[in-house]
Structure formats: structure tokens, C-alpha cells
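S.K.: Input: one structure, supplied below.
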Amino acid sequence: MSIKKFAKYLIFLSDLLAMNMALLFIFWLRYRSGIAHETYDPGRNFWHFGQLAVLLSLAATGYFFFKGLYRDWSLHSRAVQVAVVSRDVTLFCLLVLAVTSGSYLLDALRHGRLYTALTAPHILVILTYWGIVLLAVNGLRLAAQTFVRFLLSRGAGQDRLLILGATEAGERIRSELESAPELGWKAVGFVDENPALRGQNFSGLPVLGKYADLPELVRTYRPAGIIISHESSSHNEILRVVSYVAEFPITIFIVPDLYDAASGHFKTNAVHGIALKELFPEHMPGWEADLKRIMDITASVFGMIVTSPALALLPILIRLDSPGPALYSQERIGQYGRRFRLYKFRTMRTDAEAAGPQWASKKDPRITNLGRFLRKTRLDELPQFWNVLRGDMSLVGPRPEREHFINQLRHEVPLYLRRLKMKPGLTGWAQVKHQYDSNIEDVKTKVLFDLWYFENMSVPLDIMILLRTVWVVFTGKGAH
């Protein structure tokens, strides 16, 4: 288990402990102390407390999950974390108050007897619960993270980094990383375009190669990120670096001097502790990504059930329309370059690619009569519900492409490989906004749509795209 995953589990357990500590104290305060309740209530025993504890624990951790409080906090200061957690804890306490006492308070207010509902003991209980939850959640979280930072400072679970630029700026970054081991980063080497430095040591670390060597270096050293440290004002240079590593699950940082070169083009996050900016951060919070996966599983199962008549009938019609198998499978490249088998209903003749891989044209003679209908309504994609259920694909994302075309397009279309940062989709923003690819210009247009989706991806946007896709399927109007 990685140290970051361990930290998330530890924070989750600390939240459970904090919520139950607060509830136990309030239980004592209301029903045992005699301070905040008129009489001692022996009817309220541990069984009642246990039931409420389970319910509140599930509600609190579920609420914290959907508010994104189980994210990776390593790039944020403690002050930022305390502020965000305090806000969401306060909202949760208000939600608990609304659920448990909302109707009672409204009834008292409607009859002009609010003073009977908000007595001093009730106010004491409410404020005490809020205060204990606030202090306990923040305090135990900080204690858990202090323990994790202690482990990181001893070298446990540190992430590897490559520094681009064997320069004075690169040396400063290496020194700052070395002086702050609790951040969990460890530089393993430099990458520089100067061939004379290859194999030499710089600032105590080896110069491992040049930019073009980055794919091999990433495979060899498995860094969690790279830092572009040298001063440059060239957008093309930054994009060149990005193109070398876009297919890998790593984080890219730049020094503030490079921020102006990238401003207006990339979203950035400040990195706590060291003067760096994160390039192309994850645009969907962890909790929302988890919710997206839950939607994928639920919708793919539901989709296979609802479309089961079509899944049974279409193979028969395809075989009657043209000779050959009804189901077609092909190796595609998924998220971060992972290969998988994509399934779809066959819409072309079996000898369609006898001359090699090629794009389908608008009136492609290789497409069968039934295939034209299937493509227009997107019914040929129905078997990919299985790919979504397996986790090879998502409901919404860029369409997966073959390695042959990726190797061609990565050199012709700027930022094409950014698509590999996302899990490929059954449908996507590009699919509802544009037609099937028939040439390089179509690909360039769809890449722009895919990058826009990457910058704005969210569950509400996914729902909107799915609704538009349903409209395409039922109307047969195709994409605009």
C-alpha cells in the first residue's frame, strides 16, 4: 500500500473516531449528566447510542467523501485544509440539526413558541456538539498527517521525481526537496538537453539523458512527477516536454518563471512548501472520479439489461445483411497507454482493412447497409457496455484509438496524447459535437473538443453528454 493511500485510510479512521467521540460526549451530556436535560433518562441506553453512532458515522463519512475531504492533501498547507474541513464540518452539523430538529423548530416558530424549542440546554447541546466535532475532526486529522509526515521524513514511501534542467534553478529545487523530506518527494536525477552533461553528476545527482529520453526514463525510474526547472519563455518547449510524457500517469510541475509562459493555456495549482506550479492538475476531484466510476458500473449494468433485446436481435440481422461475424473486436489504447480489447457490432465488410488501417469516409463503400444505420444511431457501440463494466472505458470520455493512428497523430496534432490522461469513453463531448473521423482535420477538431472536456470534466457535464447521446440514438440525427 502506498503512503498516500495509507494516509487516506488513516484520515478516514480518524473521522470515525472524532464523530463517535463527539456523539458519546453529547449522549452523556443529555442523558447522564443532568446538565442539559431535565431528568436522568435510563431509557436511553448504550443500544440507542450504538444505533445512532452507526447512522451518524455513515452519514458523516459519506458526506465528507462527496465533499472531497478524502483527497490527497499533501500539496496543500495545513491552514487551507483546516479552513476547508471546518467549513464542511459546520455544514454537516447544520444538516444534522435540520434533519433531527427541523420540523420541531419550524412548528415552534409557526406557533410563536420558538423559545420552547431553543432553550438554554438545547443551545448548549447544539454548540457543544458542533465545537467537539470541529476540534476532534481537525485535531485527529492533523495528528494523522503529522504521523504520515514523520514516516515520510524518515524516507518511507517517498515519490521519485525527475528534474528537467541541470541549471542553477534545478540545483535550487533539488536542495529544497532535500530539505523538506516530509513532503514525500525525492529527486533521482536530472534531464538536460546538453549532451556533454550526459552521464555526469550535477548537484549530487546523475544527468540521465535528454528530453527525448523521457519515455524510457519514466519506464525505468517510475517517477511520480517531473519538474521543469530551467527558465524558458517558449510555449513550444513546454509542449514538447508534455508530449513526451503525456501517456504516463505522472504530475508535471513548473517553476514560477514559467507560469507566465503557460498562463491562459493551462490550469495550475500552487504546490505547498516549494515554489512550484502544477501543470495540468487533475480536473475532477477524487470523490467525483469515484462517483463517475459508480455511475459507469450502474449505467452499464442497466444499459445491458435495457438493450438486451437489441443485443440479441442485432447479431442475427448483421449476419443476414453480410457474411462474417456479428461481433468485432480490436486492440485499442486506453488510459495511460494501457491496451485492451474493444468490442462493437460489425458495420463493415470482413475485408475492410485488407490494405491496412484507414479512416472511414463519409460514403465509405466498405460499410454495410445495416452498418450505416448502426453507425448513425450509435447502436454499433452497445457491446462496449462490457468494456465500461470491466473498467477499460468510462461512459463518457474521448474515443479510444488504435496504436497505429496514435503513433501517426502524436506528431501531427498538438497535445493529442493529452487524451490518454483520460479513460476512453463510450460517448464523449467530441462525439456529440462532431461526426466520425474521416481525415486529419476531423481528428484535430475532435482533439479540441476532447481537451475542452478534460478542462471541464465533471459529473453534471457527463450527465448532459449522456442525455445528448440518448437523443442521437433515438432520433438518428447524428452529431452536430
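Please treat every number below as a calculation from the coordinates, not as lab data. Since this is a predicted model, take the numbers as computed values, not measurements. Every residue, glycine among them, receives a Cβ derived from its backbone with ideal geometry; neighbour counts consider all protein chains shown.
S.K.: Out of residues 5 or more away from G397 or on other chains, whose amide H comes under 5 Å of its own, with H placed 1.01 Å from N in the peptide plane?
M.R.: Here G425, L426, T427, G428, W429 satisfy the definition.
S.K.: Okay, next question. Find the eigenvalues of the gyration tensor of the Cα atoms of region 165-219, then list the square roots of 5 times those eigenvalues as equivalent ellipsoid semi-axes, largest first, in whole angstrom.
M.R.: 20, 13, 8
S.K.: Could you point to the residue in S322, T350, L370 farthest towards the positive end of region 307-401's charge dipole, with +1 and -1 charges on the Cβ of Lys/Arg and Asp/Glu respectively?
M.R.: Of S322, T350, L370, it is L370.
S.K.: Cα-Cα over 25 Å: which of K5/K186; K363/K446; K344/K423; K210/K444; K376/K446; K277/K446?
M.R.: From K5/K186; K363/K446; K344/K423; K210/K444; K376/K446; K277/K446, over 25 Å: K210/K444; K277/K446.
S.K.: How far apart, in nm, are two points set 7 Å out from the Cα along the Cα-to-Cβ line at F25 and at H404?
M.R.: 6.8 nm
S.K.: In whole Hz, what ³J(HN,Hα) sequence does region 14-23 give by Karplus (6.51, -1.76, 1.60; θ = phi - 60°), x for Gly and Pro?
M.R.: So the Karplus estimates, Gly and Pro as x, are 5, 5, 4, 5, 4, 5, 6, 4, 5, 5 Hz.
S.K.: What nm distance separates the two modelled labels at Y221 and S329, each placed 7 Å from Cα along Cα→Cβ?
M.R.: About 3.9 nm separates the two model spin labels.
S.K.: Using label points projected 7 Å from each Cα along Cα→Cβ, tell me how many nm separate T90 and L17, to one decimal.
M.R.: Spacing of the two 7 Å Cα→Cβ label points: 2.6 nm.
S.K.: From the backbone phi of region 156-167, what are the Karplus-calculated ³J(HN,Hα) couplings (6.51 cos²θ - 1.76 cosθ + 1.60, θ = phi - 60°) in whole Hz, Gly and Pro given as x?
M.R.: Listing the rounded values in order: 7, x, 6, 7, 7, 9, 10, 9, 8, x, 7, 10 Hz.
S.K.: Per-residue HN-Hα couplings for region 455-461, Karplus 6.51 cos²θ - 1.76 cosθ + 1.60 at θ = phi - 60°, whole Hz, x for Gly and Pro?
M.R.: Coupling constants for region 455-461: 6, 10, 4, 6, 5, x, 5 Hz.
S.K.: Where Lys and Arg each count +1 and Asp and Glu each count -1, what net charge lies around D159 among other residues with Cβ under 13 Å from its Cβ?
M.R.: Cβ neighbours under 13 Å give a net charge of +3.
S.K.: Okay, next question. With only alpha-carbon pairs counted, each pair once and no self-pairs, how large is the Kirkwood hydrodynamic radius of region 287-351 in angstroms?
M.R.: 14.2 Å
S.K.: Still on this structure, please answer the following. Give me, ordered by chain and number, the residues 5 or more places off T251 or on other chains with an amide H under 5 Å from its own placed amide H.
M.R.: Under 5 Å from the amide H of T251: G225, I226.
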